[in-house]
Amino acid sequence: MSSAAAGREGETVRASHILIKHEGSRRKASWKDPDGRVISATTRGDAAARLLDLRNQILSGQAAFADLAARHSDCSSARRGGDLGTFGRRQMQKPFEDATFALKVGELSDIVDTDSGVHIILRTA
C-alpha cells in the first residue's frame with residue numbers, strides 16, 4: 001500500500017444515493033417491490049434511463065435529491081432521503097466506495113453500477 005493510500009485509511013465520507021434495482025441485481029426485492037416483480041422485469045438499460053432522468057431533474061433544479069430518493073430509490077435509505085450516513089473504506093461495494101470517495105462534497109455522481117443495481121450518489125460530507 002502506498003503511503004498516500006495509508007494516509008487515507010481513516011478517511012470517512014457521508015453520502016446519499018438513489019438505487020434503482022434491475023433484473024441483474026443480486027437481491028430482486030425492495031421496500032417498494034417486496035415480491036420483486038417490477039425489478040425482475042426491469043433491464044439494466046431501463047433502470048439507468050430512469051436514473052438519468054432523476055439525475056437531470058436534480059441538476060436542473062426541478063426536484064430535490066432527497067425528495068426523489070424518498071419516492072424512487074429501491075434502498076431502505078429512501079425513508080431518510082437516501083442518506084447512508086458516514087462510512088469509511090471497505091464498508092460499501094468497491095465501485096460505490098470508489099465513486100463516493102472521488103466526489104467532492106456537494107457533487108453528484110454519474111451512474112454507478114454495483115451488484116445491487118444502478119445508483120447516483122450525492123456526497124454530503
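Annotations for the structure displayed:
- The condition (being of a type in the set (Asp, Glu), open to solvent by 30 Å² or more (accessible area, probe 1.4 Å) and under 11 Å from ILE20 (Cβ atoms)) is satisfied by just one residue among ASP74, ASP46, ASP115: ASP46.
- Helices (runs of 4 or more DSSP H) (entirely within region 1-97) containing at least 3 residues that are in contact with a Gly (Cβ under 6 Å, 6 or more places away or on another chain) and either within 13 Å of ILE121 (Cβ to Cβ) or of a type in the set (A, V, I, L, M) (or both): 65-72
- Just so you know, in region 81-98 the residues that are touching a residue at least 24 places away in the same chain (Cβ under 8 Å) and over 11 Å from the mean Cα position of the chain (by Cα) include one that is most open to solvent (accessible area, probe 1.4 Å), and it is THR86.
- Verdict on SER60 being polar (S, T, N, Q), open to solvent by 60 Å² or more (accessible area, probe 1.4 Å) and at pLDDT 95 or above: yes
- Tally, over region 16-40, of residues that are among the β-branched types (Val, Ile, Thr) and either touching a helix residue (DSSP H, G or I) at 6+ places or on another chain (Cβ under 6 Å) or modelled with pLDDT under 95 (or both): 2
- Every residue from region 99-109 that is assigned to a helix (DSSP H, G or I) and open to solvent by 60 Å² or more (accessible area, probe 1.4 Å): ALA102
- For region 40-71, taking the residues that are in contact (Cβ under 8 Å) with a residue 40 or more places away in the chain and over 13 Å from the mean Cα position of the chain (by Cα), the one that is nearest to THR114 (Cα to Cα) is identified as ARG44.
The values are calculated or read from the model by the stated rules, or taken from the named source; none is laboratory data. Just so you know, these numbers come straight off a predicted model, no measurement behind them. As a convention, Cβ positions derive from the backbone with ideal geometry for all residues, glycine included, and neighbour counts pool all protein chains shown. Accessible surface is based on the protein model in full, side chains and every heavy atom, while ligands, DNA and RNA are left aside. Shrake-Rupley method; radii C 1.70, N 1.55, O 1.52, S 1.80 Å.
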